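What follows is a set of notes on a single structure, which appears directly below.
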Amino acid sequence: MKNIKIFLFLMILASVFSGVKLKEWAFLFQFEFIDFPTGMIGKADSWDILKWIILLISHAIIFSLPFRTSSKSFKNNLIFFPAVFIVVFSLFSLGFLLLLIPFILFWLISLYLTKKAGQ
């Protein structure tokens, strides 16, 4: 169970700090928590705002996963919410999918370890 928690924490770090250097470093959290709320809320349509809200909810549940490994819904949450997170980020821009590669790798390892542990 300890190994699963380690990879869940790494997955969380990858969901926040994956980035790329363009003119300056651009991170996933920058879009999710800074750029979209400050620059897009007034300009975005209701579909973009709905995607952003779903993104925030799925990210909040991902943040709670390491603390809920013994709950009955852990495995379902581990499957569903990271998938939603990836899909919604990709709906904003396919470029985000490249930034999510470390997150996806840690997610797949966590799924494997959970299956191996028989949860």
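Remarks
- Here the chain is assigned +1 on the Cβ of each Lys and Arg and -1 on the Cβ of each Asp and Glu. Its dipole about the Cα centre then comes out at about 620 debye.
- When the Cα positions of Ile109, Val87, Asn3 are compared along the charge dipole of the chain, Asn3 comes out farthest toward the positive end, with charges on each C-beta of Lys, Arg, Asp and Glu.
- Surface analysis of the chain yields an accessible area of 59 Å² per residue, using protein heavy atoms and a 1.4 Å probe.
- Fraction of accessible area attributable to carbon and sulfur, the chain (%, probe 1.4 Å): 72
- All Cα-Cα separations within the stretch 39-84 were binned at 10 Å from zero, giving a P(r) of 27, 40, 21, 11, 0, each value a whole percent of the pairs.
- Angle between the chain longest axis and helix 101-117 axis [Cα atoms, degrees, rounded to 10]: 20
- For the chain, dividing the convex hull volume of the Cα atoms by the residue count gives 96 Å³ per residue.
- Each peptide among 87-100, 63-76 gets the average number of other Cβ atoms lying within 10 Å of its residues, and from highest to lowest they stand as 87-100, 63-76.
The values are calculated or read from the model by the stated rules, or taken from the named source; none is laboratory data. Remember, it's a predicted structure, so these values are computed and weren't measured experimentally. Note: ideal-geometry Cβ built from the backbone for every residue, glycine included; neighbour counts use all protein chains shown. These area figures cover heavy atoms from the full protein model, side chains too; ligands, DNA and RNA do not enter into them. Shrake-Rupley method; radii C 1.70, N 1.55, O 1.52, S 1.80 Å.
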